[in-house]
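Below is one structure; the comments refer to it alone.
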Amino acid sequence: MSTPLELAGQLQVAFGDLVTILPLFRDEVSVTVHAPARIAEVCAFAKNKLGFDMLLDLSSVDQYGDDPRWLVVYELYGLSHGAHLRIRTAVTEESSELPTVSTVWRTANWHEREVFDMMGIRFQGHPDLRRILMWDGYPYFPLRKDFPLAGRPSEMPEVAFTRPAPLEGGPFVTVPGARDTIVREPRARTVEGSNG
């Protein structure tokens, strides 16, 4: 049975310089696809020739301030060999578009809709690319790093609230070691550090 590293090697042999195997991290195998326009082709090969029949997850990382801005990550698994493989590709802010892989794995349909909804990355050929979490017509992409933690006002009266919606808490606005939950997890952080 092939190891994840051997399977990544077969991917690299098939696509040459288009694919780079990254150094192992915690025994996890990752490859980078250097031509985002060919990501669906690489993924189809991974499924049909290497047995990665499950797309476990598809996510995106905002590398705000870097170019290319976004990293799109595909987490694959093969039921027959039990191997995991991570495929990643970069997307520039100018293009912010990739081919859909929903033709390779049907589960990509919702994953790509979520990435579109939260980051604004579009997927060419997607059968139903519309928002999945935010409402239709919402003009922002809330997981981008330039989206303010305090939220933005909505211009859609009677559809959704129109004032900013601060976060309830979480890792970005908490104060470690605070004496109680109200201080540790305020709805929003002000410059003075008091609760919003």
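Between the stretch 77-98 and the stretch 20-71, the C-alpha centres lie 3 angstrom from each other.
Within 15 Å, Cβ to Cβ, of residue 133, how many net charges do the neighbouring residues add up to if Lys/Arg are +1 and Asp/Glu are -1? So the surrounding residues net to -1.
At 4 °C and 1.567 mPa s, grab the translational diffusion coefficient of the stretch 30-140 from Stokes-Einstein with a Kirkwood Rh over Cα pairs, rounded to a whole number in µm² per second. Here the translational diffusion coefficient equals 91 µm²/s.
Fewest first, what order do 105, 135 take by the number of other Cβ atoms within 10 Å?
Details: 105 20, 135 11.
Ranked by crowding around the Cβ, least crowded first: 135, 105.
Once the Cβ-Cβ distance between residue 147 and residue 106 is put in as r, and R0 is 22 Å, what FRET efficiency do you end up with, to the nearest 0.05? It would help to have the intermediate numbers written out before the result.
Details: r = 30 Å, r/R0 = 1.35.
Result of the calculation: an efficiency of 0.15.
For residue 96 and residue 124, compute 0.36 nm times the residue count separating them, minus their Cα-Cα distance, and round to one decimal in nm. The partial results should precede the final answer.
Details: separation 28, 0.36 × 28 = 10.08 nm, distance 1.05 nm.
Stretched fully, the residue 96-residue 124 segment lengthens by 9.0 nm.
Between residue 17 and residue 48, the simple label model (points 7 Å from Cα in the Cβ direction) yields a spacing of 2.6 nm.
We did not get these values from a lab; they are worked out from the coordinates using the rules stated. Treat the numbers as computed from the prediction; the structure is a model and nothing was measured. A quick note on method: Cβ atoms are made from the backbone with ideal geometry, for glycine too, and the neighbour counts reach across all protein chains shown.
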